[in-house]
1. Taking the 0 to 90 degree range and rounding to the nearest ten, how far is the long axis of helix 60-69 tilted relative to the main principal axis of the chain, both from C-alpha atoms?
2. Determine ³J(HN,Hα), in whole Hz, for all residues of the stretch 8-21 in sequence, where each value follows from phi through the Karplus function 6.51 cos²θ - 1.76 cosθ + 1.60 and θ = phi - 60°; x replaces Gly and Pro.
3. So which GluC sites (Glu not before Pro) in the stretch 94-197 pass both tests, a DSSP loop state and at most 13 other Cβ atoms within 10 Å of the Cβ?
4. Could you tell me how far the Cα centroid of the stretch 141-197 sits from the Cα centroid of the stretch 37-83, in Å?
5. For mean projected area of the Cα convex hull in nm², which listed value, (i) 22.1; (ii) 12.1; (iii) 9.9, comes from the coordinates shown?
6. Which residues' amide hydrogens lie under 5 Å from the amide hydrogen of Cys20, considering only partners 5 or more residues apart or on another chain, with H built in the peptide plane?
7. Given only helices, namely DSSP H runs of n ≥ 4 each adding -39500 (n - 2.57), what is the per-residue ellipticity at 222 nm of the chain, to the nearest 500 deg cm²/dmol?
8. Whose amide H sits under 5 Å from the amide H of Leu8, counting only residues 5 or more places off or on another chain, with H placed in the peptide plane?
Amino acid sequence: MFQIQNTLVSLDLAEQFFCCDLSKCLGACCIEGDAGAPVTSEEVSEIERVLPEVEGDLLPRALKEVRESGVAYTDEEGDLVTTIIDGRNCAFTCYAPGGVCLCALEKAFREGRTNWKKPASCALYPLRLKEYPTFTAVNYHRWKICRDAETLGRKKGIRLYQFLREPLIARFGSEWYAELEAACELYLHEYPTGLRD
């Protein structure tokens with residue numbers, strides 16, 4: 001683990017190659033799983049604020065669920081998460097040609113219809129954050145649907161901490177990221193293959 005300010009960061013961020021390959025996974029992280037994306041109460045307020053701009057991009061049954069149940073709920077583990085449909089699909093999933101899953105929230109942002117992109121947990125995926133009283137744990141969520149991203153990352157030579165540079169800076173700040181980058185580079189200098197003995 002790296003200790004960066006008040007976070008403990010998994011060595012996976014340095015060791016793991018990663019680059020999303022939407023042509024292979026088709027955005028499966030938006031529709032696979034048994035709960036929605038983790039959100040904060042502030043993010044729920046943001047989703048509610050931009051909802052009028054994204055409603056037209058939602059699937060009809062997703063829009064119905066959001067209108068009836070709200071944009072988020074508390075799951076079995078007590079975490080606040082985005083509303084899902086069909087027991088697994090994020091309600092804010094929309095589709096591009098070829099069946100690629102897109103985030104309706106991000107689509108609206110990219111098209112200039114809103115000024116808020118999407119929940120931090122989505123931007124940071126495949127990282128998961130766990131808040132403790134004195135620190136935040138930053139871990140890599142290993143999942144079979146991301147194997148193609150690992151393959152593409154290795155092919156392009158992109159490490160996980162590099163791939164997630166912008167969302168990590170958005171969440172923790174540029175000074176924090178500079179410390180992480182230096183720690184990863186030093187680690188990879190000592191362990192060039194990215195694997196400890």
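The values are calculated or read from the model by the stated rules, or taken from the named source; none is laboratory data. On a predicted model such as this, the values are computed, not experimentally measured, just so you know. Ideal geometry is used to build each Cβ from the backbone, glycine not excepted, and the neighbour counts take in all protein chains shown. Accessible surface areas use protein heavy atoms only, side chains included; no ligands, DNA or RNA. Shrake-Rupley method; radii C 1.70, N 1.55, O 1.52, S 1.80 Å.
1. Result, in degrees: 90.
2. Running phi through 6.51 cos²θ - 1.76 cosθ + 1.60 with θ = phi - 60° gives 10, 10, 4, 4, 4, 4, 8, 6, 8, 7, 6, 7, 3, 10 Hz.
3. Glu111
4. 30
5. Among (i) 22.1; (ii) 12.1; (iii) 9.9, the one calculated here is (ii).
6. none
7. About -11500 deg cm²/dmol.
8. The list, which skips near neighbours in sequence, is Thr136, Ala137, Val138.
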